[in-house]
Amino acid sequence: MNIILLGPPGAGKGTQSSLLVEQRGMRQLSTGDMLRAAVKAETPVGLEAKAVMERGELVSDAIVSALIDDELAAMSAETGAIFDGYPRTAAQAVSLDELLAKHGRKLDHVIELDVDEEALVDRVTGRFTCANCGEGYHDRHKQPEVAGACDKCGSTEFKRRKDDNEETVRTRMAEYRAKTAPILPHYEKSGIVRRVDGMAAIDDVTRAIAKVLDS
Ligand code: ADP
Ligand code: ADP
Ligand code: ZN
């Protein structure tokens, strides 16, 4: 199974992807995570992407599609893919069609997380992750069970993204509205778009996604 999770920054794509990875053995392909790793490692891609990401603008289509191509090439054909944060433009949607065909895959569902924009500022500015395993948390909605220690790995080190501030989030939301939301019709033609209420509690969103995947 291959699915796209679509939604603006803070919609819950990463949170739901990691649950799908745990529950269904699928693989999360997050271009945001790949780009942050490239920035950290100071690769040529990372050096080019760093300032663009800090402004909340989009990195070039060619860069992100090449990252996805490499990941798909390295994956076993049996492992399902969750595209998280890709495609984000019409050109990327066309590239993804080509990459899926090249790697013998077919898209099963596009799940659009429907959310309220004002809630997203709160979600993104309260977001933090475990510095060791990457598990996601939130200041108000999802604190670790034992204060200060990661539920998954016990690490006491956490980090926050540099671009998770209100100003950059507003730019990212505007990019989503202008460039990403318009790709939905590309998939609506094939009848594979399903809307899920992303404002519900995390567990309820997971259940709604499971219903789509098992339908
Ligand atoms: P995205 O990957 O779409 O940018 P995340 O999955 O990182 O979004 O979620 C953004 C923040 O909101 C995280 O801190 C996460 O813990 C929290 N969050 C995710 N889903 C929900 C939800 N349904 N209700 C409340 N908070 C949520
Ligand atoms: P969020 O969790 O807020 O949805 P991501 O982690 O997916 O954000 O992306 C962070 C940043 O990385 C984006 O603001 C953008 O600069 C860059 N980026 C990630 N994925 C893409 C993509 N598919 N196309 C262009 N830029 C991307
Ligand atoms: Zn951890």
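The numbers here are math on the coordinates, done by the rules we state, and not lab data. Remember, it's a predicted structure, so these values are computed and weren't measured experimentally. Cβ atoms come from the backbone with ideal geometry, glycine included; neighbour counts cover every protein chain shown.
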- Message: Let me check against my output: what whole-number percent is the relative contact order of segment 1-90, with C-alpha pairs under 8 Å and at least 6 apart?
- Response: 50 percent
- Query: So, in Å, what gap is there between the alpha-carbon centers of segment 32-108 and segment 121-196?
  - Reply: 17 Å
- Message: For the chain, what does the relative contact order come out to in percent, with C-alpha contacts under 8 Å and a separation of six or more?
- Response: 29 percent
- Message: Residue by residue through segment 193-206, what is 3J(HN,Hα) from phi via Karplus (6.51 cos²θ - 1.76 cosθ + 1.60, θ = phi - 60°)? Round to whole Hz and write x for glycine and proline.
- Response: 8, 10, 8, 10, 6, x, 8, 6, 4, 3, 5, 5, 5, 4
- Task: Go through the chain and flag any cysteine with no other cysteine's C-beta closer than 4.7 Å, please.
- Result: none
- Built amide H within the under 5 Å cut-off of Arg27, gap 5+: Gly80, Ala81, Ile82
- Message: How high is the relative contact order of segment 110-215? Use alpha-carbon pairs under 8 Å, at least six apart in sequence, and give a whole percent.
- Response: 35 percent
- Item | Chain lengthening between Ile202 and Ala174 when straightened (0.36 nm per residue, less Cα-Cα) | 7.6 nm
- Query: For segment 152-169, in order, what is each residue's ³J(HN,Hα) by Karplus, 6.51 cos²θ - 1.76 cosθ + 1.60 with θ = phi - 60°, in whole Hz (x at glycine and Pro)?
  - Reply: 7, 10, x, 4, 9, 9, 10, 9, 10, 6, 4, 8, 8, 10, 4, 4, 5, 4
- Task: Report the calculated FRET efficiency for Ser60 and Val146 (r = Cβ-Cβ distance, R0 = 30 Å), to the nearest 0.05.
- Result: 0.10
- Message: Tell me which GluC sites (Glu not before Pro) from segment 77-154 have a DSSP coil assignment and no more than 16 other beta carbons within 10 Å of their own.
- Response: Glu78, Glu145
- Message: Per residue, how big is the convex hull of the chain when only Cα atoms are used? Give it in Å³.
- Response: 120 Å³
- Task: For Leu6, enumerate residues with amide H under 5 Å from its amide H, sequence gap 5+ or separate chain, H modeled in the peptide plane.
- Result: Ile111, Glu112, Leu113
